[in-house]
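The values are calculated or read from the model by the stated rules, or taken from the named source; none is laboratory data. Owing to the predicted nature of the structure, the values given are computational and were not obtained by experimental measurement. No Cβ is skipped: glycine too gets one built from the backbone with ideal geometry, and neighbour counts run over all protein chains shown. Note: accessible area is taken over every heavy atom of the protein model, side chains too, but ligands, DNA and RNA are not part of it. Shrake-Rupley method; radii C 1.70, N 1.55, O 1.52, S 1.80 Å.
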Amino acid sequence: MDELYAICQTFEIDDNDARSFVLKKAGGEDGEGVAWPIIISRKGNNYYGFENACPHQGLQLGAGGAEVMDDEGNFLVCRHHGAQFDIDSGKCFSGPCQGKELTPIAIVVDDGDVCITGVELAEEDGLDLPDSDMPEVVITGD
Ligand code: FES
């Protein structure tokens, strides 16, 4: 089974709301990893993950730290040119990329944690993991 990366706890995202996070994916030219902005949205007790890259021009939905939800909490919105997306399917129903969709990310809820899976992250810093959940690295010389 793919590794699970805990991103936040279930109660940290309200119903009909979404939060954005910037993770670090393994890879990149120098092997140091690449920034990977994502969105996790919630509808009832279901959680949905998407890459935070608008299908219109590839920009992050919430520009300059702006909310990725519209002000009434009905849909995800791209603050650049106003594309609007369903919070569960990620489909754009209005705006310049209507008919396209956000790239989904597999989400697993595990013991109160909202986790992503199916990817390899470069590091887990900033993912709100308690220390006890971090893998221990032992360096030995020979
Ligand atoms: S970049 Fe999102 S609507 Fe243009």
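In what order, largest first, do Ser41, Ser94 sit by accessible area if the probe radius is 1.4 Å?
Working: Ser41 0, Ser94 45 Å².
Greatest to least solvent exposure: Ser94, Ser41.
Which value in nm describes the separation of the simple spin-label points at Ala66 and Asp110, placed 7 Å from the Cα toward the beta carbon?
3.5 nm
Between Phe93 and Asn45, what is the label-to-label distance in nm when each label sits 7 Å out along the Cα-to-Cβ direction?
For the pair Phe93/Asn45, the computed spacing is 2.5 nm.
Using only the alpha carbon atoms of segment 5-124, find the Kirkwood hydrodynamic radius as the inverse mean reciprocal pair distance, in angstroms to one decimal.
Computed over segment 5-124, the radius equals 14.5 Å.
Ordering Glu29, Glu101 by accessible area with a probe of 1.4 Å, largest first, what comes out? Could the numbers behind the result be given before it?
Values: Glu29 200, Glu101 85 Å².
So, going from the largest accessible area down, we get Glu29, Glu101.
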